[in-house]
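Student: One structure is given below, represented as structure tokens, and several questions about it will come after.
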Amino acid sequence: MQPQEFILLLTVFAAGTWLLRPVVLAIAERLRGGRVTDGETQRQMEAVRDELLAELQQTRREMAELGERVDFAERLLAQNRAAQGLPPGERR
């Protein structure tokens, strides 16, 4: 290898290393589990998380209420069948 080729190769390698260093550091930070987001993005993510948790809790309350309504309807149907002397329905 001639000295000019070696210097050119060394220059390209050094420039590539210098240009790619921030990308490699960002990837390493993300792999370590660090946060790369800024403060505003972090606040937005927390707000979305809080909204989703509130919506999930509301959905759970509604599901519990629907379960109670189904139980009530089943009891009414069972009482109605008993009062009319009908045989119990099939279980699924």
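Student: Those residues that are among the basic types (Lys, Arg) and under 20 Å from the mean Cα position of the chain (by Cα), I need them from the stretch 7-56; list them, please. Explain how you work it out, then say what you get.
Tutor: Of all residues in the stretch 7-56, those among the basic types (Lys, Arg) come to 21, 30, 32, 35, 43, 49.
Correct list: 30, 32, 35, 43, 49.
Table: residues versus (1) within 30 Å of residue 26 (Cα to Cα); (2) open to solvent by 80 Å² or more (accessible area, probe 1.4 Å); (3) hydrophobic (A, V, I, L, M, F, W, C); (4) in contact (Cβ under 8 Å) with a residue 60 or more places away in the chain.
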{"position": "41", "(1), (2), (3), (4)": "yes, no, no, no"}
{"position": "45", "(1), (2), (3), (4)": "yes, yes, yes, no"}
{"position": "60", "(1), (2), (3), (4)": "no, yes, no, no"}
{"position": "77", "(1), (2), (3), (4)": "no, yes, yes, no"}
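Student: Residues in the stretch 8-23: is at least one charged (D, E, K, R) and either surrounded by 10 or more Cβ atoms within 10 Å (Cβ to Cβ) or at positive phi (or both)? Break it down stepwise before answering.
Tutor: Going residue by residue through the stretch 8-23, those that are charged (D, E, K, R) are 21.
Then keep just the ones that are either surrounded by 10 or more Cβ atoms within 10 Å (Cβ to Cβ) or at positive phi (or both); that gives 21.
Yes: one or more hits.
The values are calculated or read from the model by the stated rules, or taken from the named source; none is laboratory data. Quick caveat: nothing in here was measured; it's all calculated off a predicted structure. Cβ: placed from backbone, ideal geometry, glycine included. Neighbour counts: every protein chain shown. SASA here: full protein model, heavy atoms, side chains in, ligands and nucleic acids out. Shrake-Rupley method; radii C 1.70, N 1.55, O 1.52, S 1.80 Å.
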